1. With θ set to phi - 60° and the Karplus curve 6.51 cos²θ - 1.76 cosθ + 1.60, what are the ³J(HN,Hα) couplings of segment 39-53 in order, to the nearest whole Hz, using x for Gly and Pro?
2. Compute, for segment 19-125, the length of the dipole vector about the Cα centre, with Cβ point charges of +1 (Lys, Arg) and -1 (Asp, Glu) only. Units Debye, rounded to 20.
3. Using the beta-carbon distance between THR179 and HIS242 and R0 = 22 Å, what value does 1/(1 + (r/R0)^6) give for FRET efficiency, to the nearest 0.05?
4. Just add up the charged neighbours of ALA167: K/R +1, D/E -1, any other residue whose Cβ is under 13 Å from the Cβ of ALA167.
5. Net charge within 13 Å of VAL106 by Cβ-Cβ distance, Lys/Arg positive one each and Asp/Glu negative one each, not counting VAL106 itself?
6. Residue by residue through segment 144-158, which ³J(HN,Hα) values in whole Hz follow from phi under the Karplus form 6.51 cos²θ - 1.76 cosθ + 1.60 (θ = phi - 60°), with glycine and proline marked x?
7. Which far-off residues, 5 or more places away or on another chain, put their amide H under 5 Å from the one on ALA49, with H placed in the peptide plane?
8. Can you work out ³J(HN,Hα) from phi for every residue in segment 67-80, in order, using Karplus 6.51 cos²θ - 1.76 cosθ + 1.60 and θ = phi - 60°, giving whole Hz and x for Gly and Pro?
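Read-outs: derived from the displayed coordinates by stated rules, not from any lab. None of these values were measured; they are calculated from a predicted model. Positions of Cβ are generated from backbone atoms using ideal geometry, with glycine treated the same way; all protein chains shown enter the neighbour counts.
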Amino acid sequence: MSVRYETAADEPPESVETPEEHLARLLGRALNSFELPDTTVRRLDGALAHASSLHSAHHSAGRHRETYRHTWLLADGSALTLWELVHTTAGGREPHHEVYADEEEVRAATARLPLPLDGPEFELPMLVQLAPIPTPRHSYVRGGTADHARRLLRRAENPDQPGTDVAAILAAASAYRITQAFGRPGRANRAGLCFALYEHAFLLGDGEEISLWEVEHTATPDGRHMCEVYVSEDCARRAMEHRAAQVS
């Protein structure tokens with residue numbers, strides 16, 4: 001999620017920002033954004049989600065110095081963090097923004113910005129620490145995610161398949177991955193009868209993950225191929241066992 005900074009005069013009203021919009025706004029207000037390595041900025045292209053939190057704050061005699069942590073979830077499942085320093089130590093009412101790719105760099109920059117010693121002084125380390133973006137279990141494929149979810153649910157023939165609530169959630173997913181969870185297709189006693197289990201993992205915009213479990217089998221009266229989809233691995237495996245018992 002995005003955090004609105006009370007110290008920044010150019011903050012827009014609270015709204016849902018895309019990762020690209022958040023990055024553009026951060027780089028646009030930072031006086032030293034040109035110093036960031038090009039490779040770092042390129043890695044953030046196509047990020048899936050972002051989160052911001054106030055890391056520390058120091059106020060004294062009407063001036064302030066604050067550090068913010070901005071983290072993006074990348075398409076390969078890794079995370080990248082930029083550190084923003086906001087301060088009024090140079091005088092004037094408008095805050096100055098600086099951005100750094102490393103926590104040690106922002107610490108060094110902070111140390112070069114002493115605050116006045118006169119007047120009330122207080123420091124708030126690790127203030128308003130927000131939950132970090134969860135690290136995904138998978139690496140994901142971007143593009144065509146909503147279509148993939150629709151096709152998966154459309155070919156499911158079991159009456160207890162996921163409902164419209166799950167379909168609505170998956171419509172907003174940003175990436176997906178398919179993994180064969182059952183190993184090589186299993187064969188029951190009847191010749192030619194096959195079972196396979198697949199996990200379809202979806203990455204949502206907030207970094208959360210949801211999986212659907214697809215059972216493919218030929219345990220039908222005429223031996224035709226059939227697809228069933230379940231919301232949990234346990235449900236899918238029980239369905240496989242039930243189908244195998246019916247034809248053995």
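1. Listing the rounded values in order: 5, 5, 5, 5, 5, 7, 5, x, 4, 8, 7, 8, 8, 9, 8 Hz.
2. 200
3. So the FRET efficiency works out to roughly 0.45.
4. +1
5. -4
6. Running phi through 6.51 cos²θ - 1.76 cosθ + 1.60 with θ = phi - 60° gives x, 5, 4, 5, 4, 5, 5, 5, 4, 6, 5, 8, 5, 10, 6 Hz.
7. The list, which skips near neighbours in sequence, is LEU73.
8. So the Karplus estimates, Gly and Pro as x, are 10, 10, 10, 10, 10, 10, 8, 8, 5, 8, x, 8, 10, 10 Hz.
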